[in-house]
Amino acid sequence: MAFLEIPGLPEKQVSLCAVSSRFPSITEALAGEGIEVLTVPPLSVLPAPVASHADLQLMPLGGNRVLAAEEAAEPSKQLRQKGYEVVINDLPLGDRYPQDISLNFLVVEKMVFGHQKAMSHTLKNIILENRWHFLYSRQGYARCSVCLVSSNSAITSDPTLYGLLTAAGLDVLKLPPGDILLPGYDTGFIGGCCGLIHPRRMAFTGSLEYYHSGMAVARFLERYQVEPVFLRKGKLLDVGGIIPLATVD
C-alpha cells in the first residue's frame, strides 16, 4: 500500500478508499474493482441525508495525513490501524450550515478552496505549515461541488468555483446544476457521486447515460484519457464522494 501524495489524485491503481456505509452496492462494486473500502458510518450531529458522507468527516492532506472530525471515531481508528496519522479537527461538526462543512475543503496541488467561516484553527495551521494558498469560495461545499479529473482539470456546476479554478489555470467543464440524486435535498453535487480509482479511471455512482450532461462529461474525460466506470445502473447518486486514500505499491 502506498499513500497518495496529492489528495484525490492517485498515481496508480487505488487499493483503499473511503465511502459512505449507507450504500452497500457501491461498496460491493468497488470491491469488485479490487479496492478495499473504509466505510464511513453516519453521525447524529450531521444532517440526516448526509450523515455518513465521507467528504464531511474526512479530509486527506497528502501522504499519510488525514484531517478528521472529532466525532468520526470509527474511521479515525481504522485509518490509524493502517498507518495513517490522523489529525483531529478542533471545530465540532453540526447539523446546520456552515457547521457541517468544516472539512469540505478542496485541495488542488498547493491550493485550498473553501469558505473561510468554516475553517478551523487546525486547518488554518496546516495551510500555513504547508505553505498552501487559500482561496475563498462563497460555495462552502467546495469539495463535493468539484470532480477533480487531474491536477489541471476539473468539473463543476458551481459558478464561484468555476471562476476560481479557471483563474488558477485549470481547464474546467462547467455543467448546469441538478439531476443528481441526494434524497432529502433538491439535488446533489458532481463531486459527491464520483472519484478517481486510477489515474485513468473515474468511478461514478450511476451511469452517465442517465445524467443530463452525461455526454459532455464523457467527452471531457476522454480529452484527459480518463475512462468512466459505472458502479451501478441508474441516475448519479451523491454519496459524499469516493475518496481515494492509498494505491498499490
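A few notes on this one:
- Every test in (1) touching a Gly at 6+ places or on another chain (Cβ under 7 Å); (2) within 26 Å of residue 227 (Cβ to Cβ) is passed by residue 16 save one, and that test is (1).
- When residues of the stretch 191-225 are limited to those that are more than 24 Å from residue 105 (Cα to Cα) and hydrophobic (A, V, I, L, M, F, W, C), the one surrounded by the fewest Cβ atoms within 10 Å (Cβ to Cβ): 215
- Here the helices (runs of 4 or more DSSP H) wholly within the stretch 1-82 that include at least 2 residues being at pLDDT 95 or above and of a type in the set (Val, Ile, Thr) are 24-32.
- There is at least one residue in the stretch 96-107 that is surrounded by 19 or more Cβ atoms within 10 Å (Cβ to Cβ) and touching a Ser or Thr at 6+ places or on another chain (Cβ under 6 Å).
- Residue 5 being acidic (Asp, Glu), at negative phi and either surrounded by 15 or more Cβ atoms within 10 Å (Cβ to Cβ) or touching a strand residue (DSSP E or B) at 6+ places or on another chain (Cβ under 7 Å) (or both): yes
- Note on the stretch 30-46: among residues that are touching a residue at least 60 places away in the same chain (Cβ under 8 Å) and under 18 Å from the mean Cα position of the chain (by Cα), the one that is farthest from residue 95 (Cα to Cα) is 35.
- Checking residue 169 against (1) at negative phi; (2) without any contact (Cβ under 8 Å) to a residue 60 or more places away in the chain, the condition it does not meet: (1)
- Search result, residues across the stretch 61-88 that are in contact with a strand residue (DSSP E or B) (Cβ under 7 Å, 6 or more places away or on another chain) and within 19 Å of residue 47 (Cα to Cα): 68, 70, 72, 75
- Residue count for the stretch 151-164 under the criterion of being buried (at least 17 other Cβ atoms within 10 Å of the Cβ), within 17 Å of residue 109 (Cα to Cα) and not β-branched (Val, Ile, Thr): the result is 5.
- Search result, residues across the stretch 195-222 that are among the basic types (Lys, Arg), in contact (Cβ under 8 Å) with a residue 24 or more places away in the chain and farther than 14 Å from residue 30 by Cβ: 200
- Verdict on residue 177 being farther than 23 Å from residue 198 by Cβ and either modelled with pLDDT under 95 or out of contact with any Lys or Arg (no Cβ under 8 Å at 6 or more places or on another chain) (or both): yes
- A Cβ distance below 7 Å, combined with a sequence gap of six or more or placement on separate chains, defines the contacts here; from the stretch 127-145, residues that are over 14 Å from residue 164 (Cβ atoms) and at pLDDT 95 or above reach residues that are in a helix (DSSP H, G or I) and not small (Gly, Ala, Ser) in the pairs 144/55.
- Qualifying positions in the stretch 180-190 - surrounded by 17 or more Cβ atoms within 10 Å (Cβ to Cβ) and either without any contact (Cβ under 8 Å) to a residue 60 or more places away in the chain or over 21 Å from residue 233 (Cβ atoms) (or both): 180, 181, 188, 189, 190
- The set of residues from the stretch 165-174 being crowded, with 16+ Cβ neighbours inside 10 Å and either assigned to a helix (DSSP H, G or I) or among the small types (Gly, Ala, Ser) (or both) comprises 165, 168.
- Considering residues of the stretch 8-51 that are among the β-branched types (Val, Ile, Thr) and closer than 24 Å to residue 184 by Cβ only, the residue surrounded by the fewest Cβ atoms within 10 Å (Cβ to Cβ): 45
- Selection within the stretch 113-164 - more than 18 Å from residue 244 (Cα to Cα) and in a strand (DSSP E or B): 113, 114, 133, 134, 135, 136, 156
The values are calculated or read from the model by the stated rules, or taken from the named source; none is laboratory data. What you are looking at is a predicted structure, and each value in this text was computed from that prediction instead of being measured. We place every Cβ from the backbone using ideal geometry, glycine too, and count neighbours over all the protein chains shown.
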